[in-house]
Every structure is written in C-alpha cells, then in structure tokens.
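The values are calculated or read from the model by the stated rules, or taken from the named source; none is laboratory data. A quick note: this is a predicted structure, and the numbers were derived from the prediction, not measured. So basically every Cβ, Gly included, is an ideal-geometry build from the backbone, and we count neighbours across all protein chains shown.
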C-alpha cells in the first residue's frame, strides 16, 4: 500500500476544520521546507495535528480553550497521533497584500496580527489560502509518532501504511458552497 501524505497544522486549527467552524488554512511554508516555500503536494491529504507553535495569544479569544483541549487529546495518546480527518483542496488562492488577508479575518481562528505575521514572513512569497472540503473519518486512526513527523515543515508521509478510510463530509454541500462563496467574496473585496 502506498504511503499516505498529511498536512501538519496546529491542532486547534484542525479542530476548527473538523467541526466546520472554518474551511481555510493559511500556508507560507515551514522553516524546514526543502523548497523554502509552500507548495501543494497533493490535492487530498490527512490532517496531522501539531502542537509546537500554537499559543493562546495567536488565536482569537473564542478559540483559545481549544488549545487546552487539543493538548489533553494528545496526552491521552502518548507516543501516537490521532488522525481523524482528511481534506480535499477546492481552491489554492495566493494572497500578497494585507488588505485581502484582513477581509478573511472572520473566516478563520487566527488573530489578525498573527495572520499578518504569516503574510510578512518570506515577504516575496505569497500566502496560500487553501479552501478545504473536510471529511471526518468514520473511525479515527492512531498513528505511532515517528521522529520524521516532527519539525517545521508542512508535509509528511506516513512511514507505515495507513488504511484507506471512508470519510463523512463535515459540512453538507449547500453549507460548504456558501462558505466557499464567502471566502471568494472576501478575497475579491465584495
């Protein structure tokens, strides 16, 4: 069986995606990226919750309690990571200006200051806004944590095969399309 690919994302953001509170992620690339910038490596991937950089002051107040909940979830499975969802990329939109990014502010959990910080990092590279169609796995999988899964990088490939799992859409089609339209309107300034 082919190794599966996963996108590393803050656990609190993974929770927001899995619960349908948001449908976007903001990506610039990690410090350890081979290409030194973000590149979409697959249109379909698992979400791999990470904990290294998430801090309460970087997310909006209404999302801060999710950080403690995500840490409690991680502590419940020492030496393993719980994979509970996968995503399909509907859009990969490049953002290069603070005004456009600011208009997306109501559509994600991060503070405006943190989002702008992401935009300014590697100033010559665009910020990727990935619009994700999320699926909750019918049965979450515990994946043994490996050293290669750590570090400041966006993508990882599971060392051991992960069974092909069925997912249930987090949002129904109509709700998802409404949210996707809201993202596009924010990007276009409507």
Note on the range 81-114: residues over 16 Å from residue 128 (Cβ atoms) and out of contact with any helix residue (DSSP H, G or I) (no Cβ under 9 Å at 6 or more places or on another chain) are 83, 86, 99
Just checking, how many residues over the range 105-126 are under 19 Å from residue 180 (Cβ atoms) and more than 15 Å from the chain's Cα centre (by Cα)?
2
Please indicate, with yes or no, whether at least one residue in the range 146-153 is surrounded by 16 or more Cβ atoms within 10 Å (Cβ to Cβ), part of a helix (DSSP H, G or I) and at negative phi.
yes
Could you grab me the full set of residues in the range 52-83 that are at pLDDT 85 or above, outside any helix (DSSP H, G or I) and surrounded by 14 or more Cβ atoms within 10 Å (Cβ to Cβ)?
59, 60, 64, 81, 82, 83
Of the listed residues (121, 110), the one being over 20 Å from residue 145 (Cβ atoms) and surrounded by 19 or more Cβ atoms within 10 Å (Cβ to Cβ) is 110
So which pairs qualify, if the first residue must be in the range 159-178 and touching a residue at least 24 places away in the same chain (Cβ under 8 Å), the second must be in a loop (DSSP other than H, G, I, E, B), the Cβ gap must be under 6 Å, and the two must be at least 6 apart or on different chains?
159/146; 161/1; 162/4; 170/20; 171/20
Would you say residue 171 is surrounded by fewer than 19 Cβ atoms within 10 Å (Cβ to Cβ) and outside any strand (DSSP E or B)?
yes
